[in-house]
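Chemist: Encoded as structure tokens, here's the structure I'll be asking about.
The values are calculated or read from the model by the stated rules, or taken from the named source; none is laboratory data. Being a predicted model, the structure only gives us computed values, none of them experimental. Neighbour counts are summed over all protein chains in view; Cβ atoms, including those assigned to glycine, are modelled from backbone coordinates with ideal geometry.
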Amino acid sequence: MLNLTPYFERLLAALPFNEKLRKSFDIYIGDARYTCVSKTEAAVSAFLTAQAEQLSKDSYLHASYASSFNDLAYLAMRLSYLVAVESNNPTDCFQECRTDTNTTAFDSTDSRIRCAKKLLGTICTAHDWITQGKNENRFHADLWTASLCAQTAIIYSILASFCNEKEKATYREGIKKNGIRVVWREWLDPRHHWHALDSMGHNWWLVIVCAGGFAALALKDEDDECVSYFKKFKNGIHQWFTYPGNVLQNKKANFGEKKDYIEFLGYMTYGFSMYALLETFYRDETGDDSLFEDEFLRPQIDDYLRFFYWANDKLNLANFGDTPDRIVKHQHVIYYLSYRFDCKKLFDRQDLMSDGPNEYEDFLFYPLALALKDHGYPDPPLLGICPHTGYAMCRTGYGKNDRFFAIKTGESWNHNHLDAGSFILSDKNMEIAIDSGTCNYGRAEYRGYYTTPQAHNIVLLNGQGPDADMIESGTKFSGSFPAYLSVPEADFSYILADCTGPNVAHFIRFYRHVLLLKEYTIFIDDLQTYEPGTLEWRMHYDGEIKESEFISIQNQGLETRLYPLYPKDQSVSIGEGLRDGEMLSQRGMRDPDRVNRQFGSLPVGQFLSLTSKMYGKRAKLIEAIRRPLTPAGVKNEDSFAPTSHELDDEIEFLIPSADGTTERILVNTRADGSFMHKNSWQTIGSLRTDAFIVYQKRNKDEKLLAAGMINGSRLRIGDEFAVGSLLKFDGFFDLSTRTAHVQTSMETEIAIDTEDESNIKVAKGDSVVSF
């Protein structure tokens with residue numbers, strides 16, 4: 001049996017002192033405190049009726065069967081938790097901590113025990129524990145099997161001391177027959193398994209295998225058969241973490257070089273949900289750390305922290321489809337990681353974002369994380385790249401008034417959406433560019449809208465984006481971030497998102513350059529198609545829009561402005577789409593609004609559409625988004641609007657500022673790869689370069705303060721500044737501090753603004769040097 005006593009002791013000790021925990025636990029146990037006999041009889045009756053109907057039909061899934069099974073297990077767990085806290089609470093402090101004001105008489109502990117045993121017996125003698133994969137997919141162990149393995153392991157461990165040997169034998173046999181044996185046979189047994197790591201080795205595999213192992217761990221002290229099963233489960237788990245991918249299956253490795261998980265945070269959290277239980281209780285029992293995958297788990301702390309941001313006076317988690325839903329429902333994983341790596345900061349941010357624990361696992365781990373001390377864990381760097389998964393995040397800080405930007409280029413397989421190139425943007429507590437989110441998988445809108453390119457903030461050609469087949473077949477050529485720079489002290493950051501691979505059905509070239517400057521976020525899209533057509537730059541937004549010489553977006557008492565800088569003939573329109581329809585509240589699967597989300601109407605949203613006609617196969621789109629302004633700031637803003645103009649082979653735009661400085665950005669269209677063996681040099685006045693993008697910042701007296709060069713080997717600005725190398729590279733040069741931030745593709749030498757002929761040797765990757 002699992003030793004749950006320390007967990008309930010910690011829970012009881014924390015309840016009087018933490019209002020959020022107390023209210024959450026009160027809601028969780030809810031009406032299980034009274035009329036448990038009638039509720040148990042109703043739940044068992046409904047399940048037996050639904051099971052008989054399910055067995056009489058040759059159908060994939062009978063809805064009432066799954067629903068009644070869920071109700072049965074949910075009630076059994078709540079009653080068991082009541083039994084556990086009361087049996088571990090001789091001083092009756094739990095009753096003193098409760099916030100329920102219902103005057104209905106509470107059931108006795110004995111009646112709860114009898115009801116919980118009846119519910120457990122009904123579950124263990126059920127025909128099978130399968131709902132998702134019945135018949136059609138030939139599954140005999142699915143996610144529901146996993147859920148019941150974990151739940152019955154805990155319920156059995158709580159109730160065992162109140163059971164006779166015959167009862168315990170019945171429960172153990174049911175857990176083995178419907179859970180442990182079928183999970184082993186279908187997911188691990190090399191002689192009989194249906195599911196290889198190469199076909200089902202994503203989040204499902206880890207959830208199901210760890211749940212089978214967790215059930216075997218709970219029974220192995222009383223059952224020799226489970227000793228053998230537990231060893232088999234334990235030995236298989238490491239392979240999931242190290243799975244390298246498969247070319248024919250078009251399946252990537254589960255983890256990349258930086259240990260970012262291919263399905264990323266939402267489904268990684270779900271994947272870890274059973275692993276956290278298994279690893280924790282196994283370590284408690286044995287002191288053995290061999291199940292702990294430190295190499296893969298530790299980097300997830302920074303990845304979680306990177307994705308938190310402020311908007312609408314709330315802490316949020318960046319949403320690219322399924323991220324927040326899974327993390328809210330399985331937040332015990334964040335409690336677990338916080339505790340295992342002693343990171344109170346991660347726990348505090350999750351606790352600030354959520355309404356508190358809501359599922360049975362949460363109440364086991366929340367008190368552990370709650371007791372952590374703050375050791376000053378540092379925030380991750382302001383620019384973060386997850387190359388395997390295909391996400392980049394850039395921000396000005398971690399506070400409420402900071403800017404947060406994230407962009408995706410990577411995998412579109414399975415639950416990931418067709419959204420390579422999509423971005424979200426929040427600034428000064430205001431949501432600007434948002435993701436459409438998702439909805440219940442059973443709804444037509446899931447595949448019909450939410451996963452489609454049209455639901456995201458990307459560039460479409462003739463209304464089309466990435467091919468829908470990638471949802472099933474995977475993304476053969478994933479996007480990437482081949483270049484990036486971060487100089488936050490100079491208000492300059494740069495990200496190159498190569499979105500070509502996922503968009504290869506329509507684009508030969510899809511490079512999204514993003515500059516994050518002091519007051520603006522600039523998008524420079526460098527595009528090439530097979531044939532000319534109509535381009536559409538799309539952005540879903542939160543707020544009200546007004547159009548004049550610019551596009552005004554107003555929300556939360558603030559106003560941001562979007563300036564379509566190039567081409568100048570972009571036409572503006574507003575379209576209607578859908579907003580996120582699946583975000584769970586803190587009540588998780590018990591959220592009453594879930595029924596409305598599954599069967600009712602979905603929230604409507606709007607998107608901004610900027611369309612332009614191509615006059616050849618190559619095109620550039622340039623858009624600038626102003627950081628939000630207060631009503632007072634809006635009054636003077638018209639004097640500092642950015643402007644653009646086009647010359648023969650370059651596009652230039654100016655961004656004036658109220659402090660007298662001006663930022664000047666040049667896009668050299670000869671340097672976009674269209675002149676492969678010819679040089680891409682441009683001479684504009686005193687400026688000479690072969691770079692694709694040149695950045696200058698000047699004060700009111702036209703003194704050069706800083707310069708930047710993207711994908712260039714040489715830049716000269718009259719007598720003011722010069723830099724050169726044999727290799728094209730990216731660099732930012734602060735003339736006030738004489739500091740250069742450069743990124744190169746190999747070790748090389750660069751010459752920066754020097755009187756003598758000495759060069760500076762820089763290593764491959766990022767370097768900071770003085771000149």
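Chemist: Scan Tyr282, Tyr275, Tyr304 and give me the residue that is of a type outside the set (A, V, I, L, M, F, W, C) and closer than 19 Å to Lys408 by Cα.
Modeler: Criteria check complete, one pass: Tyr304.
Chemist: Among the residues of segment 1-35 satisfying the criterion of being at pLDDT below 90 and assigned to a helix (DSSP H, G or I), which is nearest to Leu370 (Cα to Cα)?
Modeler: Across segment 1-35, the extreme among qualifying residues is Gly30.
Chemist: Limited to segment 370-413, what total is found for residues that are crowded, with 24+ Cβ neighbours inside 10 Å and without any contact (Cβ under 8 Å) to a residue 40 or more places away in the chain?
Modeler: Adding up the residues that qualify gives 0.
Chemist: Could you tell me which of the residues Thr689, Thr662, Thr683 is in the same structural domain as Lys703 (by TED's automatic domain parsing), surrounded by 19 or more Cβ atoms within 10 Å (Cβ to Cβ) and not small (Gly, Ala, Ser)?
Modeler: Only one candidate qualifies: Thr689.
Chemist: Do any helices (runs of 4 or more DSSP H) entirely within segment 175-293 hold 1 or more residues that are among the polar types (S, T, N, Q) and free of Cβ contacts under 8 Å to residues at least 40 places away in the same chain, and if so, which?
Modeler: Fully inside segment 175-293 and qualifying: 224-242, 264-286.
Chemist: Only residues that are in a loop (DSSP other than H, G, I, E, B), touching a Phe, Trp or Tyr at 6+ places or on another chain (Cβ under 9 Å) and farther than 23 Å from Val742 by Cα: list them for segment 466-491, please.
Modeler: Gly474, Thr475 - these are the residues of segment 466-491 that are in a loop (DSSP other than H, G, I, E, B), touching a Phe, Trp or Tyr at 6+ places or on another chain (Cβ under 9 Å) and farther than 23 Å from Val742 by Cα.
Chemist: Could you please give the count of residues in segment 473-483 that are touching a residue at least 40 places away in the same chain (Cβ under 8 Å) and surrounded by fewer than 22 Cβ atoms within 10 Å (Cβ to Cβ)?
Modeler: Matching residues across segment 473-483 total 6.
Chemist: Select from segment 16-69 the residues that are surrounded by fewer than 14 Cβ atoms within 10 Å (Cβ to Cβ), of a type in the set (Ser, Thr, Tyr) and within 27 Å of Asp107 (Cα to Cα) and list them in ascending order.
Modeler: Those that are surrounded by fewer than 14 Cβ atoms within 10 Å (Cβ to Cβ), of a type in the set (Ser, Thr, Tyr) and within 27 Å of Asp107 (Cα to Cα): Ser38, Ser45, Thr49.
Chemist: Search segment 432-453 for residues being surrounded by fewer than 21 Cβ atoms within 10 Å (Cβ to Cβ) and out of contact with any Leu (no Cβ under 7 Å at 6 or more places or on another chain), and hand back the single one that is farthest from Gly543 (Cα to Cα).
Modeler: Gly442
Chemist: Condition check: at pLDDT below 90 and in a helix (DSSP H, G or I). Does Tyr65 satisfy that?
Modeler: Criteria met by Tyr65.
Chemist: Based on this model, can you work out whether Leu188 counts as surrounded by fewer than 24 Cβ atoms within 10 Å (Cβ to Cβ) and in contact with a strand residue (DSSP E or B) (Cβ under 9 Å, 6 or more places away or on another chain)?
Modeler: In short, no.
Chemist: One residue is enough: does segment 698-712 have a residue meeting the conditions under 26 Å from Ala619 (Cβ atoms), surrounded by fewer than 18 Cβ atoms within 10 Å (Cβ to Cβ), in contact with a Ser or Thr (Cβ under 8 Å, 6 or more places away or on another chain) and touching a residue at least 12 places away in the same chain (Cβ under 8 Å)?
Modeler: no
Chemist: Let me ask another. Of all residues in segment 536-557, which are assigned to a strand (DSSP E or B), more than 17 Å from Ala624 (Cβ to Cβ) and in contact (Cβ under 8 Å) with a residue 60 or more places away in the chain?
Modeler: Glu536, His540, Asn555
Chemist: Is it fair to say Asp110 is at pLDDT 90 or above, assigned by TED's automatic domain parsing to the domain that holds Ala52 and either part of a helix (DSSP H, G or I) or surrounded by fewer than 23 Cβ atoms within 10 Å (Cβ to Cβ) (or both)?
Modeler: yes
Chemist: May I ask you to verify whether Ser486 is touching a residue at least 24 places away in the same chain (Cβ under 8 Å), under 22 Å from Ile524 (Cβ atoms) and of a type in the set (Gly, Ala, Ser)?
Modeler: So Ser486 passes the test.
Chemist: Further, regarding this structure: Restricting the search to segment 238-253, which residues are buried (at least 18 other Cβ atoms within 10 Å of the Cβ) and modelled with pLDDT of 95 or more?
Modeler: Trp240, Tyr243
Chemist: Quick one: Asp31 ticks every box in (1) among the acidic types (Asp, Glu); (2) within 21 Å of Arg114 (Cα to Cα); (3) under 32 Å from the mean Cα position of the chain (by Cα) bar one, so which box is it?
Modeler: Only one criterion is unmet by Asp31, namely (3).
Chemist: How do the pairs read when you match residues in segment 422-449 that are hydroxyl-bearing (Ser, Thr, Tyr) with residues anywhere that are part of a loop (DSSP other than H, G, I, E, B) and crowded, with 17+ Cβ neighbours inside 10 Å, using Cβ under 6 Å and keeping only pairs 6 or more apart or on different chains?
Modeler: The qualifying pairs are Ser422/His456; Ser422/Asn457; Ser422/Ile458; Thr438/Gly321; Thr438/Asp322; Thr438/Glu582; Tyr446/Cys439.
Chemist: Further, regarding this structure: Only one of (1) surrounded by fewer than 24 Cβ atoms within 10 Å (Cβ to Cβ); (2) not polar (S, T, N, Q); (3) not in a helix (DSSP H, G or I) is not met by Gly321, so which one is it?
Modeler: (1)
Chemist: For segment 271-316, which positions are surrounded by fewer than 21 Cβ atoms within 10 Å (Cβ to Cβ) and aliphatic (A, V, I, L, M)?
Modeler: Leu291, Leu297, Ile301, Leu305, Leu315
Chemist: Considering only segment 726-745, I want to know if a residue exists there that is basic (Lys, Arg), surrounded by 18 or more Cβ atoms within 10 Å (Cβ to Cβ) and on the phi < 0 side of the Ramachandran plot.
Modeler: Yes, there is a match, as at least one residue in segment 726-745 is basic (Lys, Arg), surrounded by 18 or more Cβ atoms within 10 Å (Cβ to Cβ) and on the phi < 0 side of the Ramachandran plot.
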